[in-house]
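The values are calculated or read from the model by the stated rules, or taken from the named source; none is laboratory data. In this text the structure is predicted, and so the values were computed from the model without any measurement. Every residue, glycine among them, receives a Cβ derived from its backbone with ideal geometry; neighbour counts consider all protein chains shown.
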Amino acid sequence: MKTDFPTNSPADLATANSLPSKSLAKLVWTMVSPYKKWLLIIFLAMLIETCMSLATPWPLKIIIDNVIGHHKLPGWLVWMDAVFPGENRIQFAAVAAISMIAMAAIGSLASYLDNYFTESVAQYVSNDLRRRIYHHLQRLSLEYYDTHQTGKLLSTITTDVSTIQDFASSTLMNIIVDSLTIVGMLGLMFFLNAGFTLVAIGVTPFLLLFVARFKKVMKKATHEVRRDQSNMLTVLQQGLESIRAVNAFGRQELEEDRLKKVSLETVGAALKARRVKSVLSPVITITVSVCTAIVLWQGAGLVLKGVMTVGSLTVFLWYMNKFFSPVQDLAKMTSTIAQATVALERIQAILDTEIIVSEKPDAEDPGRLNGNITFDHVSFAYNPESPVLQDVNLQINCGQRIGICGPTGCGKSTIVSLIARFYDPTAGRVLIDGKDITDFSLDGLRSQIGFVLQDTVLFYGSVEENIAYGRPDASRDEIIEAAKLANAHEFISRMPHGYDTLVGERGMTLSGGQRQRIGIARAVVRNSPILVLDEPTASLDVEAEKIVMEALEQLMEGRTVITIAHRLTTISDCDKIVVLHEGCIVEEGTHEELMVRGGVYAELYIMQSIAKHSLHKIIS
């Protein structure tokens, strides 16, 4: 069976994320509302399935009481006497038997439709939920990732979403069917014998109270299981991502011990949850047995007195067993409900995180910027007690090449992050072409900035796809021209499939110099007026650095360039060098001016020159 299901578009997901998720119910409704038509089909199928289930014992009652026992037919079946007179009651039995088959067939068809559409909706809802979480995560400030472990986020996107999918596709359906069954059975049981029904109803509140208490304990245990599972995923992720360093330092046993520790914690939490869950079943089973015994004992007396027929007692016992069966199922589902609730809460925690770098409702695309950048009394701190930048005033003119240097932790990379609005200043403003960058749309602003980082990140895919990552609509000719400008075309052409060659995860199949040249080609294709170079040659050898620097010279032509450097020789020819110290600008000027001044820059430059000379002397 193939059915076209609606799906949430990216625009729908963005709209959903703009709404505050103040309750789990609202979150659930937001995700299932596109599938209302299919939910109606599911509900109708469940209703038919329940009706067929409730009707199942009645043919048996008719055969026991009206065929074998020769009791009078109930009022709603008296018309059958004309069709099947007394001597042909065996035919009546055949009709009752056939009706059982018909009810089973109708119930089975309804069950099939119920299961098919429920599973389909669950799959699409989980797909929408994954996309919604990922959509939200993509738009959070980098500050969020400074304080949250990637492994735990992956656990939410995978494990927690799968838990909700399983709940929606099976448990939720069973809850609805069981609830409908309980209501229907209570009505029929009252019809058969009100007194016996009160016995069943009498113990139900105590069971519900027990289940409510049980649910709180189970939810706490489930939280512990989910926490330990997230920790285990974090350890696995870090160990596999750092596999080269692990092997280089021979620390395999250390990583295995870390996994052993968190894995045993996960086992302990899971066993604790299982112990709590195991208490429920015996309590329910004993309660059901006591109620059934009472009805069987009292019912036998009523049958002997002729007050109740054997068929009615049989049907009532069948209903009582079935009545407690969904009650027992609902109780057993407590652990599943607790798991789904915890999963929803963890998802809710992500979706309720405010997008710290927000976009104004009237934010506009800046178009092509000139590249005049102004820092106006800018301060920034990840936390108030440790300021990173303090009252920074800086003017970068269009087409100017600026070098930023200073000791580690002085705020060099933070300045660049503020220009691209990865973070917002805690005080002051950043302006481009005289306009506050908060007036620009985030996508529009960042499209005007090109990056060449110390370690270019390549994605699993072709060389062409990696070069065009910042501008997917680039043509093959534009990509090739960019590669030529980046001195990358030659080595790409020698690869097995040229620009269609697949690069390994994080580009590990390429050398550092090759990755950097692809990163430069990526920046060339983007053709942004502002270019940020963050230690682009720091990890390269002398030969690779020379090739990369030649490519960078071509890339920097006609752009506003901001270069972050530890090696001061890489910025000595900049139009202006800015020296940071403890979050403040302590010096500005050209290389020559700063060397004559004899301040912090001159001291750092001389120290690096001495260290370089000493190293060459040792090597020679």
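Worth pointing out:
- Residue check, Phe196 among the aromatic types (Phe, Trp, Tyr), at pLDDT below 70 and part of a helix (DSSP H, G or I): yes
- Boolean, Val578 is within 28 Å of Gly428 (Cβ to Cβ), in contact with an Asp or Glu (Cβ under 7 Å, 6 or more places away or on another chain) and modelled with pLDDT of 90 or more: yes
- With respect to (1) of a type in the set (Asp, Glu); (2) modelled with pLDDT of 75 or more; (3) within 27 Å of Tyr145 (Cβ to Cβ), the lone exception for Glu241 is condition (2).
- Some residue of the stretch 88-98 being in contact with a Pro (Cβ under 8 Å, 6 or more places away or on another chain) and at pLDDT below 85: yes
- Test result for Glu364, acidic (Asp, Glu) and under 29 Å from the mean Cα position of the chain (by Cα): no
- Qualifying residue in the stretch 441-458 (condition: in contact with a strand residue (DSSP E or B) (Cβ under 6 Å, 6 or more places away or on another chain) and either farther than 27 Å from Glu553 by Cβ or loosely packed, with under 15 Cβ neighbours inside 10 Å (or both)): no
To keep it simple, each residue is scored yes or no on (1) of a type in the set (D, E, K, R); (2) touching a residue at least 60 places away in the same chain (Cβ under 8 Å); (3) assigned by TED's automatic domain parsing to the domain that holds Ser493.
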{"position": "Gly519", "(1), (2), (3)": "no, yes, yes"}
{"position": "Val525", "(1), (2), (3)": "no, no, yes"}
{"position": "Pro529", "(1), (2), (3)": "no, yes, yes"}
{"position": "Glu553", "(1), (2), (3)": "yes, no, yes"}
{"position": "Arg567", "(1), (2), (3)": "yes, no, yes"}
{"position": "Lys576", "(1), (2), (3)": "yes, yes, yes"}
{"position": "Leu580", "(1), (2), (3)": "no, yes, yes"}
{"position": "Glu593", "(1), (2), (3)": "yes, no, yes"}
